[in-house]
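Below is one structure, written out as structure tokens; comments come after it.
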Amino acid sequence: MNRQDAFDSDPRPCAFDWCATEHGRTVHPDDEDHRSGGVAVTLRTRAATGRGLGHLEEWEIGLIRRSADAETWLVVEAPRGVSIALSREATRALVDAVRADGHLRDFVDGRPSGA
């Protein structure tokens, strides 16, 4: 963006109460995307093919709705530019699958799972 494309800052209120984006009067497309403040979570992770104790990483979970989107997405961002966005239906399916499977539910709840 060059100087002639920018205007004085004039933040506009957003229709989404969760949106933390300061929408201004520029022609930059990212200024029109809606993004929640996000929640930072420190997790112990490893690759599915990995071994060992893994390592601690900080991930961020939030909501995103790009200006061209017709729906809001749940976004999970990990280090090194890794991210995934899930539709509302995909998020529900994932949560429902964990709740429905006894072994997965016990694992998440910290109950012994026979292992």
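The values are calculated or read from the model by the stated rules, or taken from the named source; none is laboratory data. If you're wondering where the values come from, they're calculated on a predicted model, not measured in any experiment. Backbone-built Cβ (ideal geometry, glycine too); neighbour counts: all protein chains shown. Note: areas computed on protein heavy atoms with side chains; ligands, DNA, RNA excluded. Shrake-Rupley method; radii C 1.70, N 1.55, O 1.52, S 1.80 Å.
Observations
- Accessible area per residue (1.4 Å probe, heavy atoms of protein chains only) ranks ARG92, ARG80 as ARG80, ARG92, with the largest value leading.
- Relative protection proxy for 33-40, 14-21, from highest mean packing down: 33-40, 14-21 (other beta-carbon atoms within 10 angstrom).
- Cβ-derived FRET efficiency at R0 25 Å, VAL108 paired with HIS55, nearest 0.05: 0.75
- Low-density loop cleavage sites - trypsin sites (Lys or Arg not before Pro) in the stretch 39-79, where at most 11 other Cβ are within 10 Å (DSSP): ARG51
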